[in-house]
1. Only Cα pairs under 8 Å and at least 6 apart count here; give the relative contact order of the chain as a rounded whole percent.
2. For HIS31 and SER131, calculate 0.36 nm times their separation in residues minus their Cα-Cα distance, and state this gained length in nm to one decimal.
3. Using the alpha-carbon atoms, what tilt in degrees (0 to 90, nearest 10) does helix 35-45 show relative to the longest principal axis of the chain?
4. Of MET146, TYR184, SER86, which is farthest on the positive side of the dipole of the chain, counting Cα position, with +1 on Lys and Arg Cβ, -1 on Asp and Glu Cβ, and the Cα centre as origin?
5. Give me the angle, in degrees from 0 to 90, between the Cα long axis of helix 166-176 and the longest principal axis of the Cα atoms of the chain, rounded to the nearest 10.
6. When DSSP assigns beta bridges and you keep just the ones with both residues in the stretch 110-240, what percent turn out antiparallel, to the nearest 5?
7. Can you give me the relative contact order of the stretch 110-240 as a percent, contacts being Cα pairs under 8 Å and 6 or more apart?
8. Between the stretch 43-120 and the stretch 200-240, how far is it from one alpha carbon centroid to the other, in angstrom?
Amino acid sequence: MRDGVVVDMGGSGTRIGAVVDGHVVRVHSAHVATAEDLAAAVLAVDPAPAGVGVSLSGSVDADRGRVLASRAAAWAEGDLRTELVSRIEAPVSVIGDGDAHALAMTRLPKVRYGGIAISLGAALAFGALNSHGALIHPCGVTGWDMGHWRIVDDHTNTEAWWALGGHGLYDLEREHGDDAAELYAYRLASFLVDTVQMFRPQTVLLTGGIVVGLGEALHGPVAEQLNTLPISVPTPRVVYSPSRDTALFGAAVAAGLALPEMR
């Protein structure tokens, strides 16, 4: 293992931390608006990192380190890895946040693969691992974009990125007050039942700021709806992440700064 720096850039801002002996520590927020800003923030954490892992919300070609599109950080679009390497002089990994959350599953003790990770924050991110714990990608060069899946719901905007993101939760809270958490949980469970039938995972990781914020309010409705799966679809183990910084752990794995846990 090598020590280094990990970064997660999403809709709620940029988080950055150091990786020391395989552990992510000293996590804090950073304001970045250019590649130069990002490089400076990395070097402020470690002036000579052995490696850097970046997780980014958007469409990312991880093999080439290119950001094709990102609503969270439009300034990062282009050859982000090349630009960061020239400024930091260290190996840099750039991956989509869905992939980062999926790789974070490899840090779970006794995890059973394959698995899917669903991150719920300002929007929705999705990643998947095969039965050996390696990332699964669609036929293209980027990760999964499940945000435009439709959810069974009576709201006008039923696309998953909105309905399960911060905007959808805010509208439920505004309209239904204390009942919003339960309504949101059933909305999530509806999406999860469809997704599980497609991917047949053994483990589901639910993570992100909304999952942390709503906590146990999600557990009952999710378990109830998973019991409606067809008998031919095994019910997966559902893991609720206690951390808002899950993508940082996945970025560390992608950059070779942290090793997967032994199963």
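Here, each number is a calculation from the coordinates, and none is a lab measurement. A quick note: this is a predicted structure, and the numbers were derived from the prediction, not measured. Note: ideal-geometry Cβ built from the backbone for every residue, glycine included; neighbour counts use all protein chains shown.
1. On the way: 608 pairs, mean separation 58.5, N = 263.
Relative CO of the chain lands at 22 percent.
2. Numbers: separation 100, 0.36 × 100 = 36.00 nm, distance 3.78 nm.
Length gained, HIS31 through SER131: 32.2 nm.
3. 80 degrees
4. SER86
5. Long axis of 166-176 versus the principal axis of the chain: about 30 degrees.
6. The antiparallel fraction comes to roughly 45 percent.
7. On the way: 210 pairs, mean separation 36.1, N = 131.
This gives 28 percent for the stretch 110-240.
8. Each part's Cα centre sits 26 Å from the other's.
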